[in-house]
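Chemist: First the structure, which I've put down as structure tokens, then a few questions once you've had a look.
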Amino acid sequence: MKAISLTMKILIICSQIPMPDRASGDLRFYTLLKLITELHQVTLCPFNLEKQNKEMGEVATKHYINQLKNINIHLGTTDVLTTLGNEQFDLIIFEFYHYVQRYIDFVRFYQSKARILIDSVDIHYNRLFSKAILTNNPSDFEFAETVKRQELTAYQQADLVIAVTEDDGQLLKKDASSTQIGILPNIHRIPEFIEPHGPYNKLIFVGSFKHEPNIDAIHYFCDEIFPLLLKMNSNFTLDVIGPNPPESVRALQSDNIFIRGFIEHLDEHYRKAHISVAPLRFGAGMKGKIGEALSFGLPVVTTEIGAEGFGLSPGENILVAESALNFAGLILQLSQDSQLYKKLSTNGYNFIKINYSEEATRTRLSELINQTLLISPKRLATLTRVKLWLQISYNRYIGWRLKHV
């Protein structure tokens, strides 16, 4: 596709500002913002910023705001409707589907010429069905069905939906055939390659414990995999790193397991580790912990769920286990086979660098935005437009007076 050289005004509607050192989704979001601002003017409208400020504290929130300012992001008002009414945009992006229903009609009303994108981050109902299959709990299946209806309803109102993997894109094409799909994967910083040296007995798990699959994964590993591994070789240790570990995770601390909690800068810990473990039993999309570990040259042992979406090749740039015993056995094999270790380390690093670096994603992003510009924006139904006009006019000229009577 021929590149279109055009500086656009882009509005991004999100719940909170990204905290890239706390979750892989936030890191992807932040890096995406950084790449967009290289060519376009970006305004961020975080409508739940006040809540974030209360939860994180003013110092931390200001730190993340300054990170955005350093990459030339304009932080707009937290009132979405005010932002929509005050300025015209060429492109509007919703980060996640959750609040699309709340604002989509107002976006179409105020910004009739703008194209609307929804960044799915992952297909939520796919992750929930994955959990339901694991638990075989009827209520989990019912919840997944409910989320699926809500999520697809939101996606069908967008001009284009961003999926992070080809698998997610194919799923959306099947479940929402009229929806236009673009692919934009995780984005990784590529540090200098430094080959780790043995003995390869230091394991690392990284993940935010606000994300349910990570809680399940670390319990699965510590309860079912790690005891088997320690019987094979008692010298292994595990660092568990990530914000918001619940009491059940903190209770896993032992002579061989270290619950580190939130660590702002992970480079040193990745450099000291030898093997990254990602024992995910349910999930969807692309797992940031795997790409990040590979970008440091760390071999990864994971599950089929963990490896999905990357296009990795088991035995060449990653190891994929089918059971707890197999998982422990692969870690032991990797720790003892220096040739296998060096192959996975080098191949994994090169794979991420070629496919998921900022440089590789910059081209994909440009193509995605060009694809969006060729789409005619959907129109708001006439009756809906009239109703919104009446609602907005009432609030502007009458409603505010009644509040002060």
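The values are calculated or read from the model by the stated rules, or taken from the named source; none is laboratory data. Please read these numbers as outputs of a predicted model, since none were measured by experiment. For neighbour counting, all protein chains shown are included, and Cβ atoms are generated from backbone atoms with ideal geometry for every residue, glycine included. Note: accessible area is taken over every heavy atom of the protein model, side chains too, but ligands, DNA and RNA are not part of it. Shrake-Rupley method; radii C 1.70, N 1.55, O 1.52, S 1.80 Å.
Chemist: Part of a helix (DSSP H, G or I), closer than 16 Å to Asn201 by Cβ and open to solvent by 70 Å² or more (accessible area, probe 1.4 Å), is that true of Gln333?
Modeler: Working: part of a helix (DSSP H, G or I): yes; closer than 16 Å to Asn201 by Cβ: yes; open to solvent by 70 Å² or more (accessible area, probe 1.4 Å): yes.
Yes; evaluated as a whole, the condition is true for this residue.
Chemist: Still on this structure, please answer the following. Working carefully through the options Arg115, Arg102, find the one that is open to solvent by 40 Å² or more (accessible area, probe 1.4 Å) and over 21 Å from Ile375 (Cβ atoms).
Modeler: Details: Arg115 fails: over 21 Å from Ile375 (Cβ atoms).
Step by step, each of Arg115, Arg102 is checked, and only Arg102 is open to solvent by 40 Å² or more (accessible area, probe 1.4 Å) and over 21 Å from Ile375 (Cβ atoms).
Chemist: Look at the stretch 1-54 and say how many of its residues are of a type in the set (D, E, K, R) and under 20 Å from Gly285 (Cα atoms).
Modeler: Initial filter on the stretch 1-54 (of a type in the set (D, E, K, R)): 2, 9, 21-22, 26, 28, 34, 38, 50-51, 54.
If we keep only those that are under 20 Å from Gly285 (Cα atoms) as well, we get 21-22, 26, 28.
Residues flagged as of a type in the set (D, E, K, R) and under 20 Å from Gly285 (Cα atoms) within the stretch 1-54 amount to 4.
Chemist: Now for a separate question. Out of all the residues in the stretch 152-186, which are among the hydrophobic types (A, V, I, L, M, F, W, C), within 20 Å of the chain's Cα centre (by Cα) and in a loop (DSSP other than H, G, I, E, B)? Let's see the steps before the verdict.
Modeler: Of all residues in the stretch 152-186, those among the hydrophobic types (A, V, I, L, M, F, W, C) come to 152, 154, 158, 160-164, 171-172, 176, 181, 183-184.
This time we only want the ones that are within 20 Å of the chain's Cα centre (by Cα), so: 152, 154, 158, 160-164, 171-172, 181, 183-184.
Ala158, Val164, Leu184, listed by residue number.
Chemist: It is to be established whether one or more residues within the stretch 156-175 are touching a residue at least 12 places away in the same chain (Cβ under 8 Å), among the hydroxyl-bearing types (Ser, Thr, Tyr) and touching a helix residue (DSSP H, G or I) at 6+ places or on another chain (Cβ under 7 Å). Steps first, please.
Modeler: Kept after step one, since they are touching a residue at least 12 places away in the same chain (Cβ under 8 Å), are these residues of the stretch 156-175: 156-169, 171-172, 175.
Going one step further and asking which of them are among the hydroxyl-bearing types (Ser, Thr, Tyr), we end up with 165.
Adding the requirement that they be touching a helix residue (DSSP H, G or I) at 6+ places or on another chain (Cβ under 7 Å) leaves none.
Taking every residue of the stretch 156-175 in turn, none turns out to be touching a residue at least 12 places away in the same chain (Cβ under 8 Å), among the hydroxyl-bearing types (Ser, Thr, Tyr) and touching a helix residue (DSSP H, G or I) at 6+ places or on another chain (Cβ under 7 Å).
Chemist: Only one of these is within 24 Å of the chain's Cα centre (by Cα), modelled with pLDDT under 90 and either open to solvent by less than 50 Å² (accessible area, probe 1.4 Å) or within 21 Å of Gly207 (Cβ to Cβ) (or both): Asn355, Asn370, Asn317. Name it.
Modeler: Working: Asn355 fails: modelled with pLDDT under 90; Asn317 fails: modelled with pLDDT under 90.
After applying the criteria, what remains is Asn370.
Chemist: Moving to a separate point now. Restricted to the stretch 179-206, and to residues that are surrounded by 14 or more Cβ atoms within 10 Å (Cβ to Cβ) and among the β-branched types (Val, Ile, Thr), which residue is nearest to Phe29 (Cα to Cα)?
Modeler: Checked the stretch 179-206; the qualifying residue nearest to Phe29 (Cα to Cα) is Ile187.
Chemist: Name the residue, out of Thr37, Thr61, Thr43, Thr83, that is under 25 Å from Leu184 (Cβ atoms), surrounded by 19 or more Cβ atoms within 10 Å (Cβ to Cβ) and either out of contact with any strand residue (DSSP E or B) (no Cβ under 8 Å at 6 or more places or on another chain) or not aromatic (Phe, Trp, Tyr) (or both).
Modeler: Numbers: Thr37 fails: surrounded by 19 or more Cβ atoms within 10 Å (Cβ to Cβ); Thr61 fails: under 25 Å from Leu184 (Cβ atoms); Thr43 fails: surrounded by 19 or more Cβ atoms within 10 Å (Cβ to Cβ).
After ruling out the rest, the residue left standing is Thr83.
Chemist: Something else: Just one of (1) open to solvent by 10 Å² or more (accessible area, probe 1.4 Å); (2) assigned to a helix (DSSP H, G or I); (3) among the hydrophobic types (A, V, I, L, M, F, W, C) trips up Ile375, so point out which.
Modeler: Failed condition: (2).
Chemist: Tell me the residue from Gly297, Gly291, Gly285 that is more than 19 Å from the chain's Cα centre (by Cα) and in contact (Cβ under 8 Å) with a residue 40 or more places away in the chain, please. Let's see the steps before the verdict.
Modeler: On the way: Gly291 fails: more than 19 Å from the chain's Cα centre (by Cα); Gly285 fails: more than 19 Å from the chain's Cα centre (by Cα).
Exactly one of Gly297, Gly291, Gly285 is more than 19 Å from the chain's Cα centre (by Cα) and in contact (Cβ under 8 Å) with a residue 40 or more places away in the chain, namely Gly297.
Chemist: Regarding Val147, is this residue among the hydrophobic types (A, V, I, L, M, F, W, C), open to solvent by less than 60 Å² (accessible area, probe 1.4 Å), at pLDDT below 95 and closer than 29 Å to Leu280 by Cα? Let's see the steps before the verdict.
Modeler: Details: among the hydrophobic types (A, V, I, L, M, F, W, C): yes; open to solvent by less than 60 Å² (accessible area, probe 1.4 Å): yes; at pLDDT below 95: no; closer than 29 Å to Leu280 by Cα: yes.
Spelling it out, it is not the case that Val147 is among the hydrophobic types (A, V, I, L, M, F, W, C), open to solvent by less than 60 Å² (accessible area, probe 1.4 Å), at pLDDT below 95 and closer than 29 Å to Leu280 by Cα.
Chemist: Out of the residues in the stretch 204-251 meeting the condition of being of a type in the set (S, T, N, Q) and assigned to a helix (DSSP H, G or I), tell me which one is nearest to Gln336 (Cα to Cα). Steps first, answer last, please.
Modeler: We begin by selecting, within the stretch 204-251, every residue of a type in the set (S, T, N, Q); these are 208, 214, 233-235, 237, 244, 248.
Retained after the next criterion (residues that are assigned to a helix (DSSP H, G or I)): 214, 248.
Details: Asn214: 27, Ser248: 32 Å.
My answer is Asn214.
Chemist: Related question: Which pairs do you get when a residue that is open to solvent by less than 40 Å² (accessible area, probe 1.4 Å), found in the stretch 209-223, comes within reach of a residue that is of a type in the set (Ser, Thr, Tyr), reach meaning Cβ atoms under 7 angstrom, with the pair 6+ apart or on two chains?
Modeler: Final answer for the pair search is Asn214/Ser208.
Chemist: Report those helices (runs of 4 or more DSSP H) wholly inside the stretch 255-329 carrying at least 2 residues which are aliphatic (A, V, I, L, M).
Modeler: Details: elements: 267-272, 288-295, 304-307.
Answer list for the stretch 255-329: 288-295, 304-307.
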